[in-house]
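The values are calculated or read from the model by the stated rules, or taken from the named source; none is laboratory data. Fair warning: this is a prediction, and the values are worked out from it, not measured in the lab. A quick note on method: Cβ atoms are made from the backbone with ideal geometry, for glycine too, and the neighbour counts reach across all protein chains shown. Each accessible area value is taken on the protein alone, full model and side chains, heavy atoms only, with ligands, DNA and RNA left out. Shrake-Rupley method; radii C 1.70, N 1.55, O 1.52, S 1.80 Å.
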Amino acid sequence: MGEKETLIFRAKLAEQAERFDDLRSIMKEVIDSDVKMDEEERNYLSVAYKNVAGSRRTAIRIFNHLRENARTTSNDLKLKICEDYIKKVRDEFRDISQEILDILTDKLIPEAQLVEAKVFYLKMKGDYYRYLAEVFTDNKEYKTKSKEAYEDAWKAAEEDIPVCHHVRLGLALNFSVFYFEIMSDKEKACQLAKQAFEAAIEEMDKLEEEYKRDSTFIMQLLRDNLALWTQKSESDEGRL
């Protein structure tokens, strides 16, 4: 096996064993050897950082809850321990997010030749700025950069990627979540998700069989979000 082939085999083993820190290191080696990656390789990169960063996002939510409990009990020592731990994990999360953002901005996006790859990377860029905006709520720059990345991805997807393709649907899903959770714009979130879902329904028969499962799964998530967001809006109106 060649160098890249060996690395990809190691990546496959790491992914199957859920050794996501290893997978992250391996995929950095892959990119250093060749920035041109196929869909499988791009997915390994996404899985690696999603899990490594995701575990920190989950930890931050848990520690925030524990910190509030410490506040309500007026336990200053426990509160200090929680705050120190939150800072540690937030710093780790920011470093990991900035690492993948640098890789995307400096290496992968400029070298992406296929539209599908470019949209995939721009979506990832929007995702990680969204995650940062979620954690560091007072940083307006993260919101702005997330929106810009999603908009660039959406523009490219509209031009060259079918409406029922899983990459475009995944972008629609995450972009709509950005509007709902980060921008607090329920109307825009629902509009984007609804349009993406309805457009995909009309074109599903034209989609190649190998992609239908992924697209169908994302469409279900879009529909679930729409149901949840619409119900929340109706509940809010009911309280006025």
Q) With respect to the numbered conditions (1) touching a residue at least 60 places away in the same chain (Cβ under 8 Å); (2) over 15 Å from the mean Cα position of the chain (by Cα), which one is the sole condition not fulfilled by M124? A) (2)
Q.
For segment 118-130, check the following and say yes or no: at least one residue is of a type outside the set (D, E), at negative phi, surrounded by 16 or more Cβ atoms within 10 Å (Cβ to Cβ) and at pLDDT below 95.
A. no
Q. Quick check: anything in segment 205-224 in contact with a Pro (Cβ under 8 Å, 6 or more places away or on another chain) and touching a residue at least 12 places away in the same chain (Cβ under 8 Å)?
A. yes
Q.
Looking at segment 76-117 only, could you name the residues that are touching a residue at least 24 places away in the same chain (Cβ under 8 Å), farther than 30 Å from D160 by Cβ and among the basic types (K, R)?
A. R90, R94
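Scan segment 176-195 residue by residue and report those that are open to solvent by 10 Å² or more (accessible area, probe 1.4 Å), assigned to a helix (DSSP H, G or I) and of a type outside the set (S, T, Y).
Taking segment 176-195 and keeping what is open to solvent by 10 Å² or more (accessible area, probe 1.4 Å), we get 177, 179-188, 190-192, 194-195.
Of the ones still in play, those that are also assigned to a helix (DSSP H, G or I) are 177, 179-182, 186-188, 190-192, 194-195.
The answer is V177, F180, E181, I182, K186, E187, K188, C190, Q191, L192, K194, Q195.
Quick one: would you say E83 is out of contact with any Ser or Thr (no Cβ under 9 Å at 6 or more places or on another chain) and either surrounded by 16 or more Cβ atoms within 10 Å (Cβ to Cβ) or of a type in the set (F, W, Y) (or both)? Can you show your working first?
Details: out of contact with any Ser or Thr (no Cβ under 9 Å at 6 or more places or on another chain): yes; either surrounded by 16 or more Cβ atoms within 10 Å (Cβ to Cβ) or of a type in the set (F, W, Y) (or both): no.
When the stated conditions are applied, E83 does not pass them.
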Q: Look through segment 133-149, keep the residues that are polar (S, T, N, Q) and not in a loop (DSSP other than H, G, I, E, B), and return whichever of them is nearest to the chain's Cα centre (by Cα).
A: S146
